[in-house]
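Every number in this text was worked out from the coordinates using simple rules, so none of it is lab data. Remember, it's a predicted structure, so these values are computed and weren't measured experimentally. Because the Cβ atoms are built from the backbone with ideal geometry, glycine has one as well, and the counts that use them run over all protein chains shown.
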Amino acid sequence: MKAVRFFAVLLLLGLMGCGGGDSGGSAPADFGGNHPNVVVALGDSITAGVEGGGAPWPARLASLSGKTLINAGIGGQESGDGLARIGGALAAYKPGYIIIDFGANDAIMLRDTDNTLANIRAMVGMAKAHKTVPILATLLPMIGEHGIYDSTAQRISAGISAIGKSEGVTVVDLKTEFTDPENQLISDGLHPSDLGNQIIALALNDALPH
C-alpha cells in the first residue's frame, strides 16, 4: 500500500506540473487590453543601436520571436529618462511585454546607484499597473575607455537582479552572456558588436513565451 501511495503522489505532482509554460505552472498573464504579441524595448543607445554594431538587438529579437518589437531606445538616456517615458510607451503601444534596459549611462554619469535602482523599480511598478509584463536586463560589461565605470555597472546589475527577485519579474543576466567582451563589444568598450547584438537577442528571446 505504501508503494501505491508513493506512485499516486508522483502522478499527482506530475499533473500539477503540466501546462506550465514560462511561468512554471502559474496562471497565464492577464494582459487586460494589451497586445500579447507586442513587445516594447525601452532603453538607451545599447537598445537603439549604434554604427558598427549591425542590426540592433530589437530587430533581431523580432525575427527570432515572431513578435512585433517596438524599438524605444534613445541614445544617451538614463534611468530617469526611462521613467519619464515609460507611461507614454505603455499608453501608445499597449504592449504585452516591455523590456527595460537602463543603467549604463547612469554608471557613466556617476549617478547615485540607489536612485538608479529606484527608477528601475518604479518602471516595473508602472508596467505591472498597466498589465504589461516587465522584463529586466542587467548591464553589459564595460571595457577599454569605459572600463573605469564597470564596477559601478556591476553594482547596478546586482541591484537589478535583486529587483527582479523581489518583484517576481524575469531578469535576463546579459553580463554573464558576454564571456568574450573584446569581440562582443565594439571598439568603444560599451556598445554591443554585431555578435553582441545577436547574443542579446537570443538571451531575451528565451525570456519570451513562444
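Observations on the structure shown:
- Placing dummy labels 7 Å off each Cα toward the beta-carbon, the span from Ser151 to Asp30 is 4.6 nm.
- Cut-off under 5 Å, modelled amide H: who pairs with His35 long-range: Gly96
- Distant-in-sequence amide H partners of Ile70 (H built 1.01 Å from N, under 5 Å): Val39, Val40, Ala41
- Backbone amide hydrogens, once placed in the peptide plane, bring Ala137 within less than 5 Å of Ile100, Phe102, Val172, excluding anything fewer than 5 places away on its chain.
- The Rg/Rh ratio for the chain, using Cα coordinates for both the radius of gyration and the Kirkwood hydrodynamic radius, is 1.05.
- Derived scalar couplings ³J(HN,Hα) [segment 153-167; Karplus, 6.51 cos²θ - 1.76 cosθ + 1.60; whole Hz; x for Gly, Pro]: 4, 5, 5, 5, 4, 4, x, 4, 4, 5, 4, x, 5, 6, 8
- Rounded to whole Hz, the Karplus (6.51, -1.76, 1.60) HN-Hα couplings of segment 62-75, x for glycine and proline: 4, 5, 6, 8, x, 9, 7, 9, 9, 7, 9, x, 10, x
- Using C-alpha pairs below 8 Å separated by at least 6 residues, the relative contact order for the chain is 22 percent.
- Net +/- balance of residues flanking Leu90 in space, Cβ distance below 11 Å, scoring K and R +1, D and E -1: +4
- Point-to-point label distance, Ala91-Lys128, nm (Cα→Cβ direction, 7 Å offset): 2.2 nm
- Sequentially through segment 103-112, phi angles give Karplus couplings (6.51, -1.76, 1.60; θ = phi - 60°) of x, 4, 6, 4, 5, 5, 8, 6, 6, 4 Hz, Gly and Pro residues having no value and appearing as x.
- Rounded to the nearest 5, the antiparallel percentage of DSSP beta bridges internal to the chain is 5%.
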